[in-house]
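Just below is one structure, and these are the notes that go with it.
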Amino acid sequence: MTDNNFDIVIIGGGPGGYVTAIRASQLGMKVALVEREHLGGICLNWGCIPTKALLRSSEINHLLHTADEYGFKVGNVSFDLAKVVKRSRDVSAQLTKGVGMLMKKNKVTVIDGHGKLAGKGKVKVEKDKKTVAELTAKHIILATGARARTLPGLEADGKLVWTYREAMVPDVMPKSLLVVGTGAIGIEFASFFLNMGAQVTAVEVMDRILPVEDEEISKFAHKAFEKQGMKIHTATTVKALKKGKNNVTVTLESGGKTSDVTVDRVILAVGIVGNSENLGLEGTKVKVEKTHIVIDKWCATGEPGVYAIGDLAGPPWLAHKASHEGVICVEKIAGSKDVHPLDTRNIPGCTYCRPQVASVGLTEKAAKEKGYQLKVGRFPFIGNGKAIALGEPEGFIKTIFDAKTGELLGAHMIGAEVTEMIQGYAIARTMEGTEAELMHTVFPHPTLSEMMHESVLDAFGRVIHM
């Protein structure tokens with residue numbers, strides 16, 4: 001490398017890092033992106049994208065087994081697990097290659113290796129324990145993401161006890177498995193394996209599954225999964241794992257009582273920890289709390305010229321949050337006049353289980369705790385013509401408004417394709433819309449989105465189809 005001086009050096013090429021690199025280049029900056037493994041990060045390689053490819057396969061498996069309901073006669077349905085996994089990996093590889101092309105298009109210098117701070121305005125890049133580059137930049141952005149959390153005594157071994165990585169590339173389809181943790185990651189894997197024919201047990205330490213969601217959504221999801229055959233244990237902890245030759249006996253504790261469950265495999269989905277180690281933070285003013293770097297509203301750390309974005313900088317741990325943070329960060333650096341701090345309340349969250357779950361803004365409980373007087377609307381899928389035509393009558397949409405101002409405080413959905421619809425409410429929140437704008441919006445018929453309108457109408461006593 002003949003010229004190692006840059007305006008911005010970004011460490012980490014995930015959805016936070018590579019999007020940040022593109023936007024910085026668009027703003028006329030000279031940019032270097034350091035990535036030690038694969039462009040696209042966990043999201044494209046081991047997270048968001050390949051899991052959706054797997055879930056699509058499980059959805060097709062479910063449809064094939066219920067084809068008779070739609071008038072089709074299907075013989076004995078089977079699947080080739082190796083092909084299911086290969087398709088997922090091919091989708092990931094295609095998108096990762098696309099990121100590489102975007103870097104070339106935007107004239108971003110990509111450096112293969114592990115980057116770390118090496119003094120004020122300096123980054124050292126190492127590969128195979130050798131220094132491959134020494135870079136200088138006025139601004140350095142840390143976007144190193146996070147990894148799966150492990151608990152003492154519950155460590156994954158990659159064979160019988162899996163993290164998300166092993167769960168995405170199984171060499172055999174387990175007849176039974178237990179998922180520890182029912183957040184988005186855990187419940188998506190539970191849903192995938194359940195719809196591929198495995199007997200699934202889910203364990204959650206909190207008193208309900210999907211604990212960050214609105215309580216009504218969690219309760220509905222619980223009943224839906226149990227109806228599908230999933231066994232769910234809430235307010236339960238895993239005390240021990242005893243590995244056999246090809247199975248695991250899991251000791252569960254709830255209410256002071258213990259019980260044992262024996263399964264073929266265990267998936268650990270108990271959260272994440274930030275990749276804040278070995279970044280050269282020693283001697284800097286960068287503050288780390290519980291593995292995550294502390295930042296201000298512009299993503300700046302306590303060290304001048306050093307920033308952090310994405311999972312490394314704390315919740316919500318979402319790829320789209322990381323991307324948007326990166327854009328805000330470099331636009332502020334560039335002096336853009338219309339840049340605004342990120343309001344995490346306007347970030348939609350999506351879980352791609354069956355039925356899907358999506359939400360944005362405050363839950364009903366959180367809104368009440370903040371002192372709002374509420375108007376709450378609901379509309380069920382069973383009342384929607386398109387949902388019935390699709391054979392997807394399970395689910396509902398819930399909207400929460402400030403009774404005084406009409407502000408949309410939160411929206412929560414469970415059912416088919418809600419992850420595609422939630423953005424409508426996210427736009428409404430970003431534009432500070434009220435019930436008036438939503439009521440006056442014309443929703444097309446027949447669509448699932450009509451339920452979004454009906455839920456708003458219901459909150460103000462004007463619902464039509466219920």
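The values are calculated or read from the model by the stated rules, or taken from the named source; none is laboratory data. Here the structure is a predicted model, which is why all the values come from computation and not from measurement. Note that we place each Cβ from the backbone using ideal geometry, even for glycine, and neighbour counts take in every protein chain shown. Each accessible area value is taken on the protein alone, full model and side chains, heavy atoms only, with ligands, DNA and RNA left out. Shrake-Rupley method; radii C 1.70, N 1.55, O 1.52, S 1.80 Å.
Any chance the stretch 401-418 includes a residue that's hydroxyl-bearing (Ser, Thr, Tyr) and buried (at least 18 other Cβ atoms within 10 Å of the Cβ)? Checked the stretch 401-418: no residue is hydroxyl-bearing (Ser, Thr, Tyr) and buried (at least 18 other Cβ atoms within 10 Å of the Cβ).
Only one of the listed residues (GLU226, GLU277) is surrounded by fewer than 22 Cβ atoms within 10 Å (Cβ to Cβ) and under 14 Å from THR182 (Cα atoms). That residue is GLU226.
Inside the stretch 64-113, residues that are of a type in the set (Asp, Glu) and over 30 Å from VAL34 (Cβ atoms) make up a count of 3. Of all residues in the stretch 369-390, those that are within 27 Å of GLY406 (Cα to Cα) and part of a strand (DSSP E or B) have Cβ atoms under 8 Å from Cβ atoms of residues that are open to solvent by 70 Å² or more (accessible area, probe 1.4 Å) and of a type in the set (A, V, I, L, M), 6 or more apart or on another chain, in PHE379/MET466; PRO380/MET466.
Restricting the first member to the stretch 89-115 and to residues that are free of Cβ contacts under 8 Å to residues at least 60 places away in the same chain and under 20 Å from TYR164 (Cβ atoms), and the second to residues that are of a type in the set (Gly, Ala, Ser) and open to solvent by less than 30 Å² (accessible area, probe 1.4 Å), the beta-carbon pairs closer than 7 Å and six or more apart or on different chains are VAL91/ALA53; LEU95/GLY40; THR96/GLY40. Being closer than 20 Å to LYS375 by Cβ and among the charged types (D, E, K, R) is the filter here, so list the residues in the stretch 408-445 that pass it. Passing the criteria: ARG429, GLU432, GLU435, GLU437. Taken together, the criteria place THR66 among residues that are among the polar types (S, T, N, Q) and either more than 22 Å from ALA118 (Cα to Cα) or without any contact (Cβ under 8 Å) to a residue 40 or more places away in the chain (or both). Only residues in the stretch 267-286 that are over 20 Å from GLY113 (Cβ atoms) count as the first member; pair them with residues that are part of a loop (DSSP other than H, G, I, E, B) and hydrophobic (A, V, I, L, M, F, W, C), Cβ under 7 angstrom, at least 6 apart or cross-chain, and list the lot. If the second residue must be part of a loop (DSSP other than H, G, I, E, B) and hydrophobic (A, V, I, L, M, F, W, C), the pairs left are LEU268/LEU154; LEU268/ALA156; VAL270/LEU151; ILE272/TRP317. Scanning the stretch 193-205 for residues that are assigned to a strand (DSSP E or B) and open to solvent by less than 20 Å² (accessible area, probe 1.4 Å) returns VAL200, THR201, ALA202, VAL203. Assess whether THR434 counts as being more than 29 Å from GLU59 (Cα to Cα) and open to solvent by less than 70 Å² (accessible area, probe 1.4 Å). So THR434 passes the test.
Annotation for the stretch 145-154: at least one member residue is among the aliphatic types (A, V, I, L, M) and either within 30 Å of ILE400 (Cα to Cα) or loosely packed, with under 15 Cβ neighbours inside 10 Å (or both). Taking the conditions (1) open to solvent by 50 Å² or more (accessible area, probe 1.4 Å); (2) assigned to a strand (DSSP E or B); (3) in contact with a Leu (Cβ under 9 Å, 6 or more places away or on another chain) in turn, GLU134 satisfies each one other than (3).
Select from the stretch 322-353 the residues that are in a helix (DSSP H, G or I) and of a type in the set (S, T, N, Q) and write down the one among them that is surrounded by the fewest Cβ atoms within 10 Å (Cβ to Cβ). Here the residue is THR344. When ALA156, ALA148 are checked against the criterion of being modelled with pLDDT under 95, in contact with a strand residue (DSSP E or B) (Cβ under 9 Å, 6 or more places away or on another chain) and within 20 Å of PRO211 (Cα to Cα), a single residue qualifies: ALA148. Scanning the stretch 62-78 for residues that are at pLDDT 95 or above and in contact with a helix residue (DSSP H, G or I) (Cβ under 6 Å, 6 or more places away or on another chain) turns up just one, HIS62. May I ask you to list the residues in the stretch 411-466 that are among the small types (Gly, Ala, Ser) and closer than 21 Å to CYS353 by Cα? Matches in the stretch 411-466: ALA411, GLY415, ALA416, GLY424, ALA426, SER449. Among the conditions (1) touching a strand residue (DSSP E or B) at 6+ places or on another chain (Cβ under 7 Å); (2) surrounded by 15 or more Cβ atoms within 10 Å (Cβ to Cβ); (3) not in a helix (DSSP H, G or I), the only one that ASP260 does not satisfy is (2).
The set of residues in the stretch 311-321 that are out of contact with any Ser or Thr (no Cβ under 8 Å at 6 or more places or on another chain) and open to solvent by less than 10 Å² (accessible area, probe 1.4 Å) contains only GLY314. Considered as a group, the residues in the stretch 155-192 that are among the β-branched types (Val, Ile, Thr) and outside any strand (DSSP E or B) include one that is surrounded by the fewest Cβ atoms within 10 Å (Cβ to Cβ), and that residue is VAL172.
Output yes when any residue across the stretch 110-121 is farther than 27 Å from LEU194 by Cα, touching a helix residue (DSSP H, G or I) at 6+ places or on another chain (Cβ under 9 Å) and at pLDDT 95 or above, and no when none is. Looking for residues that are farther than 27 Å from LEU194 by Cα, touching a helix residue (DSSP H, G or I) at 6+ places or on another chain (Cβ under 9 Å) and at pLDDT 95 or above, one finds at least one in the stretch 110-121, hence yes. Any residue that is assigned to a helix (DSSP H, G or I), without any contact (Cβ under 8 Å) to a residue 12 or more places away in the chain and either in contact with a Cys (Cβ under 6 Å, 6 or more places away or on another chain) or within 26 Å of SER176 (Cα to Cα) (or both) - is there at least one of those in the stretch 241-255? So far as the stretch 241-255 goes, no, none of its residues is assigned to a helix (DSSP H, G or I), without any contact (Cβ under 8 Å) to a residue 12 or more places away in the chain and either in contact with a Cys (Cβ under 6 Å, 6 or more places away or on another chain) or within 26 Å of SER176 (Cα to Cα) (or both). Being among the aliphatic types (A, V, I, L, M), more than 21 Å from GLU215 (Cα to Cα), within 23 Å of the chain's Cα centre (by Cα) and assigned to a helix (DSSP H, G or I) is not true of ALA366.
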